[in-house]
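In what follows, a single structure is set out as structure tokens and then discussed.
Readers should treat all values here as calculations from the given coordinates under stated rules, not as data from a laboratory. Values in this document were obtained by computation on a predicted structure and should not be read as measured data. All Cβ positions, glycine included, derive from the backbone under ideal geometry; neighbour counts span all protein chains shown.
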Amino acid sequence: EAVLYVVATPIGNLEDMTPRALRVLESVALIAAEDTRHSGRLLSHFNIKTPMIAVHDHNERQQQQKIIEKLQRGDDIALISDAGTPLISDPGFVLVREVRSAGFRVVPLPGCCALIAALCASGVPSDRFAFEGFPPAKSQQRVNFYTALAAENRTLMFYESPHRIIDSLKDIVTAFGADRPIAIARELTKTFETFISGAAAEVLAKVEADPNQRKGEFVLMIEGAPQQDDSLLDPRSSEVLDILLEEL
Ligand code: SAM
């Protein structure tokens with residue numbers, strides 16, 4: 001019975017490629033990659049010559065038919081993305097669901113994931129967390145998005161682009177308050193890996209003060225609001241609720 005392997009690849013440091021991932025990528029009939037040129041560099045580094053097809057957000061539904069036909073012929077297939085774990089702010093969800101409902105096995109090969117790498121080394125509470133993907137690109141939408149999360153008790157995690165990191169941090173100060181503890185993890189597993197943590201306003205000031213801190217790839221983390229047992233809503237949540245109700 002043919003298998004679709006969902007294979008994590010490095011997020012910067014090629015030493016994070018696992019022996020199992022290398023073996024599977026070598027042995028499958030086809031690799032479905034988000035960007036075949038990008039993944040071509042990774043595969044040629046490891047001297048893997050398996051053919052690739054592109055599966056990205058814009059053609060996932062068309063390509064899934066081809067992939068299911070290949071599986072029906074008995075060919076194993078591996079899904080990879082540009083970096084890290086497929087499906088995590090990356091394509092693959094539609095494909096995995098369809099392949100499963102067509103009755104095939106889907107096997108994960110775990111490895112790098114920027115949000116997990118960030119969480120396990122930043123010093124923010126890691127017992128309960130919510131990953132919210134990329135915040136909206138437009139400022140007003142982003143403020144609303146953050147404001148709606150201000151009362152959340154779990155650690156909040158986001159991916160953010162270097163072009164928006166300053167604006168996003170400013171919006172975090174607005175929505176969560178200057179004192180909310182936050183952390184950023186930059187360039188994980190790479191040469192300039194950096195962690196900055198502290199009150200939201202302090203972290204913003206540090207990133208504003210040093211242009212190098214605005215480069216590369218980022219994971220943003222916001223500690224959850226303190227648990228309030230004695231009232232239904234804490235003052236900040238009531239404030240947020242008022243703002244949201246005004247917008248309705
Ligand atoms: N699938 C990937 C994963 O498992 O982490 C994430 C893909 S998403 C399109 C890319 C975003 O992940 C980047 O914009 C950044 O926010 C985050 N990211 C990826 N690699 C990173 C790294 N080395 N350091 C920090 N953040 C990273």
(request) Would you give the gap between the C-alpha center of the stretch 99-134 and the C-alpha center of the stretch 22-97, rounded to a whole Å? (result) 18 Å
(message) Given all pairs of different Cα atoms, what value in angstroms does the Kirkwood hydrodynamic radius of the chain take?
(response) 19.8 Å
(request) Determine the equivalent ellipsoid of the stretch 119-243 by diagonalising the alpha-carbon gyration tensor, then write out the semi-axes as square roots of 5 times the eigenvalues, largest first, rounded to whole Å. (result) 24, 16, 12
(request) Starting with the fewest neighbours, write out THR50, THR9 ranked by other beta-carbon atoms found within 10 Å of each beta-carbon. (result) THR50, THR9
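List CYS120, CYS113 from most exposed to least, where exposure is judged by having the fewest other Cβ atoms within 10 Å.
Numbers: CYS120 11, CYS113 18.
So the ranking, lowest neighbour count to highest, is CYS120, CYS113.
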(request) Under 28 Å between C-alpha atoms is the cut-off here; go through the chain and count lysine pairs that meet it, provided they're at least eight residues apart or on different chains. (result) 12
(request) With springs connecting C-alpha atoms under 10 Å apart, model the chain as a Gaussian network and identify which of ARG20, ARG73, ARG154 has the largest mean-square fluctuation. (result) ARG73
(message) I need LYS138, LYS49 ordered by Cβ neighbour count within 10 Å, fewest first.
(response) LYS49, LYS138
